[in-house]
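In what follows, a single structure is set out as structure tokens and then discussed.
Every read-out reported here was derived from the displayed coordinates using simple, explicitly stated rules and does not represent laboratory data. Keep in mind the model is a prediction, meaning the values are calculated, not measured. Please note: Cβ atoms are built from the backbone with ideal geometry, for glycine as well, and neighbour counts cover all protein chains shown.
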Amino acid sequence: MKKQLLYFVDHSFPFSSDGYAVRTHAVAQGFVKNGYRVTVINRFGRVFSVPGIDANNVEPHYRIDGVNYLFFKSPSGKPPSAKYFSEWLEGATKLVKELISTYQPGQILVASNWENAWPVKLACEDLGKPYIYEVRGFWELSRATKEPKWIESEDFKYAKTREADVANSATRVLTLNKLMQRILVERGVSSEKVQLLPNSLSTLPAIPELGKERERLATEVKARYGVTQPFVLAYIGTFNHYEGLHLIIRALKELPEDVGLLLIGGSMARGHDEKDVSDPIREELMVEAKAQGVMNRVYFTGRILPHEVSVLYSAIDVVVNTRISTPVTDIVSALKPIETAAHAVPMVLSDIGANKDINDEFTYPNPLFKQGDSHDLACKVRDVLSQIPEHRRQAKANREFVKHYRLFPTLINMLF
């Protein structure tokens, strides 16, 4: 009989395709490849209250790549108030107990944030069951990044305390990097229980070797999006203001006319019904591109589902990560540098703390530019393009790093 894992998350495939959902699926696949039967349980009621998703089209169960995904309509909705949260929590805790009783899991894993984890904490304490808390970020800092004054509020302190409470009650805590590990310990979590499960992939993607096959794929991708320039920069991911995407457009103005920019993604993180939804950040970027006089060199793909992204790498010469410094981005690792390295594509990264942390681990560290500085970004990109054969060789070596050290099946086998 296969070992059972119950995995409680805030949101997931197939209705979300942001970094959180991608990591969930990759971790789940890592457990599957280690002989587990994995059931991912979305926050109760959440998907049914997300704008743009037709609740009538949400099935209670999906099976994707061997991973089971469950969606429960009740208890309903995202709690809008303390009173409602109390009512939601009672029903959520009861349902968690029922799921544990039904599945009899060997492992219970719950991911950020504390609101998602709290009913699991209460249920496990009542049943005397151990659980593992996966800290993927500090959501109270994410909100403070958007609302700076919130960091001084009692609600901020409350959320910070609750995060520590969930972590302290867990038998083990998994997090992304040493920076986050240190913060958890500073918040009172025992250093002995905090372990690293860094951003990784479920499998090493197959990539075409340089030559006719890669040229054919690159030609197809360029034709699909109308790219006419021989050299292609790219950003891949969700459009957020902290990603600093305007910097790429400003840098593009300083680069030769034979360089185009492919912006892959969007500010909507859902997996369905996105073509009919406006994208405010995309519109801002289009205004910026027109103002800089480079609109004829900027191409938007819209959001691409994760399994469709790999082929796009064939057309890309350099991937740029332009995250700006915020309380969150300085400490929370991005997934895309690992994915890009796995595809053996050169990168240029901003010099924020989390980027430095992963960059130092690569066999060949990638060029870093001063965060927020579009001129320095342009200089670093120009340097890479002028020595592209050497940077491709180094990128291929970094792919080997991912193969040996950043695949979830290997890491999970070591931890479990």
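Between Asp351 and Phe369, Gln371, the built amide H atoms are under 5 Å apart, and every one of these is 5 or more places off in sequence or on another chain.
Put a plus charge on the Cβ of each Lys and Arg, a minus charge on the Cβ of each Asp and Glu, and nothing anywhere else: the dipole of the chain about its Cα centre is then about 840 debye. For Gly302, the residues 5 or more places off, or on other chains, whose built amide H falls under 5 Å of its own are Gly265.
Bridgeable lysines around Lys290 (alpha carbons under 16 Å apart, same-chain partners fewer than 8 residues away excluded): Lys253.
Electrostatic bookkeeping for Ile183 treats Lys and Arg as +1 and Asp and Glu as -1; over the other residues with beta carbon under 12 Å from its beta carbon, the sum is 0. Placing +1 on the Cβ of every Lys and Arg and -1 on the Cβ of every Asp and Glu, with nothing else charged, gives the stretch 37-185 a dipole about its Cα centre of roughly 300 debye. Under 20 Å of direct C-alpha separation, and excluding same-chain neighbours fewer than eight residues apart, Lys121 reaches these lysines: Lys78, Lys83, Lys94, Lys97, Lys129, Lys157, Lys160, Lys193.
Could you tell me the relative contact order of the chain? Use alpha-carbon pairs under 8 Å, at least six residues apart, and round to a whole percent. Please list the in-between numbers first.
Values: 753 pairs, mean separation 67.3, N = 416.
In percent, rounded to a whole number, it is 16.
Note on the chain: dipole from Cβ charges, positive end direction compared against Phe48, Met414, Leu217; the farthest Cα belongs to Met414. What percent do you get for the relative contact order of the stretch 212-405 when only Cα pairs under 8 Å and 6+ apart count? Relative CO of the stretch 212-405 lands at 24 percent. Of the residues Ile264, Ala28, Asn366, the one whose Cα sits farthest toward the positive end of the charge dipole of the chain, with +1 on the Cβ of Lys and Arg and -1 on the Cβ of Asp and Glu, is Ala28. Go through Pro14, Val384, Leu255 and say which Cα lies farthest out towards the positive end of the charge dipole of the chain; charges sit on Cβ, +1 for Lys and Arg, -1 for Asp and Glu. Value: Pro14.
The modelled label-to-label distance for the pair Phe231/His375, using points 7 Å beyond Cα in the direction of Cβ, is 2.0 nm. Ranked for footprinting exposure by Cβ neighbours inside 10 Å, fewest first, His375, His404 give His404, His375.
Need one word for the chain: rounded, prolate or oblate. Basis is the Cα gyration tensor (sqrt eigenvalues a ≥ b ≥ c); a/c below 1.5 gives rounded, then a/b vs b/c decides. Cα axes put the chain in the prolate bin. Where does helix 114-127 land angle-wise versus the long Cα axis of the chain, in degrees 0 to 90, nearest 10? Tilt relative to the chain: about 30 degrees. Amide H to amide H distances under 5 Å link Val232 with Gly260, Asp317, Val318, where only residues 5 or more positions off or on other chains count and H is placed in the peptide plane.
Averaging the Cα positions of each part gives two centres, and for the stretch 86-132 and the stretch 12-65 these lie 17 Å apart. Once you reduce the stretch 182-205 and the stretch 335-390 to the center of their Cα atoms, the two points are 24 Å from each other. If you sort the three axes of the alpha carbon gyration tensor as a ≥ b ≥ c, you get a/c of 1.5 or more for the stretch 340-409 and a/b no higher than b/c, which makes it oblate.
When peptides 151-160, 246-255, 406-415 are ranked by their average number of other Cβ atoms within 10 Å per residue, the highest-first order is 246-255, 406-415, 151-160. Coupling constants for the stretch 57-65 follow from the phi torsions by the Karplus curve (6.51 cos²θ - 1.76 cosθ + 1.60, θ = phi - 60°), and in residue order they are 9, 8, 7, x, 9, 10, 10, 10, 6 Hz; glycine and proline get x. Given their separation in residues at 0.36 nm each and the Cα-Cα distance between them, Glu213 and Glu283 gain 21.7 nm when the chain is fully extended. Got a sec to turn the phi values of the stretch 368-381 into Karplus ³J(HN,Hα) couplings, 6.51 cos²θ - 1.76 cosθ + 1.60 with θ = phi - 60°, whole Hz, x for Gly and Pro? Values per residue, Gly and Pro as x: 10, 10, 5, 4, x, 10, 5, 5, 5, 4, 4, 5, 5, 5 Hz.
Per-residue Karplus couplings for the stretch 299-310, computed as 6.51 cos²θ - 1.76 cosθ + 1.60 with θ equal to phi - 60°, are listed in order as 10, 9, 8, x, 5, 10, 5, x, 6, 9, 6, 3 Hz, Gly and Pro entered as x.
Extension gain, Leu204-Glu154: 0.36 nm per intervening residue step, less the Cα-Cα distance, totals 13.5 nm. In the chain, the longest principal axis of the Cα atoms and the axis of helix 245-254 are about 10 degrees apart. Averaging the sequence gap over all C-alpha pairs within less than 8 Å and six or more residues apart, then dividing by the number of residues, gives the stretch 1-130 a relative contact order of 30 percent.
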